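Let me begin by presenting the structure, written as structure tokens, before commenting on it.
Read-outs throughout are calculated quantities, based only on the coordinates presented, and are distinct from any laboratory measurement. Predicted model only: the values in this text are computed from it and were never measured. In this analysis, Cβ positions are derived from the backbone assuming ideal geometry, glycine residues included, and neighbour counts consider all displayed protein chains.
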Amino acid sequence: MAPKSDSAEGTISAAHLSFHTIVLNFVNEVSNNTVTNLQNKPVNTQNVADALQKFNLKKAAIQKALDNLADGGRISFKEYGKQKIYLARQDQFQIPNNEELNQMKEQNADMQKQLEDQKKAISEVEAEIKSLQSNLTLEQIFEREVNLRLEVADVDACVQEMEEKLTKLRGGVTLVKPEERKAVEGMLSEMIGHWRKRKRMFKDLWDTLTENSPKDPKEFKEELGIEYDEDVGVSLQSYNDLIQNGKKRPRGQ
């Protein structure tokens, strides 16, 4: 027999009413599932706790609620040793007979067919709307034509400008102003200076690290993931030569 509780069916406090209702609704739902035809399915405290995790209900509180509901006559229970199982009271449900159940299945099938028909009709309407949206009005066609003509004009102007530059290049005319060239060369020379300085600093540090190291310098380099300029296909000398060649280049070219 379930343990006695201070709260009977009509005296459950208002603070716990929604909590007890959640537990009661779950027991009634699983105990009278007419869809799967599983009437009077029993549950234990763990079943309820697992199913109602989303409500953050503790197992001890669920156990107390089940006992309160059983004491109040809202649900039934049975004891198997220390294990208790709970069931909904079947006299509160209107259980359909086979004929009513078959009728419900037919109604469900009809509703499913109506749903499919509605989905098909909606798809057809959406396809028609999409088709109408893709068709331009006469005003939109004219507007689009004007925009395309403007875009073509911009492209033509760009092509003409590029052709003029190409003609100048073919004629040996320098398109870069001397002051701009000097500024770029100065910046490049400064960066190469930093490059040379840092390369020298690394070499001095690397020689110090590997001088008395038992490891092979090449293997140690690969282990640390270090790459030299040559490993990635660049050369400090080639950039330095680039500046020297630029200084020797005759003016006007």
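Residues TYR86, TYR80, TYR239, TYR228, ranked from the fewest to the most other C-beta atoms within 10 Å, line up as TYR80, TYR228, TYR239, TYR86.
Close amide H contacts of ARG89 (hydrogens built in the peptide plane, cut-off under 5 Å, sequence separation of 5 or more or a different chain): SER76. Computed from the C-alpha gyration tensor, the three semi-axes of the ellipsoid equivalent to region 178-248 are 34, 12, 9 Å, from longest to shortest.
Computed over every Cα-Cα pair of region 69-125 and binned at 10 Å starting from 0, the pair-distance distribution P(r) comes out as 18, 22, 19, 20, 14, 6, 0 percent. A protection proxy built from the mean count of other Cβ atoms within 10 Å ranks the segments 52-64, 179-191, most packed first, as 52-64, 179-191. Across the cross-link table entries LYS177/LYS199; LYS54/LYS120; LYS58/LYS82; LYS41/LYS84, which are compared at the Cα atoms, the separations over 24 Å belong to LYS177/LYS199; LYS54/LYS120.
With a simple spin-label model that places each label point 7 Å from the Cα along the Cα-to-Cβ direction, the separation between GLN46 and LEU115 comes to 3.4 nm. With both labels modelled 7 Å from their Cα along Cα-to-Cβ, the VAL155 to LEU205 distance reads 5.3 nm. Note on PHE220 and ILE243: with the Förster distance fixed at 25 Å, the Cβ-Cβ geometry gives a FRET efficiency of about 0.15.
Using a Debye calculation, one point per C-alpha and no hydration shell, please list log10 I(q)/I(0) for region 96-135 at q = 0.28, 0.30, 0.31, 0.32 Å⁻¹ in order. Debye intensities relative to I(0), on a log10 scale: -0.83, -0.87, -0.90, -0.92. Across q = 0.13 Å⁻¹, region 61-219 modelled as identical point scatterers on its alpha-carbon atoms has Debye log10 I(q)/I(0) values of -1.08, in the order of the q list. The residue list ILE129, LEU115, ASN102 was ranked by how far each Cα lies along the charge dipole of region 96-135 toward its positive end, using unit charges on Cβ atoms, and ILE129 comes out on top. Taking 0.36 nm per residue of sequence separation and removing the Cα-Cα distance, the ASN97/ARG144 pair yields an extension gain of 10.1 nm.
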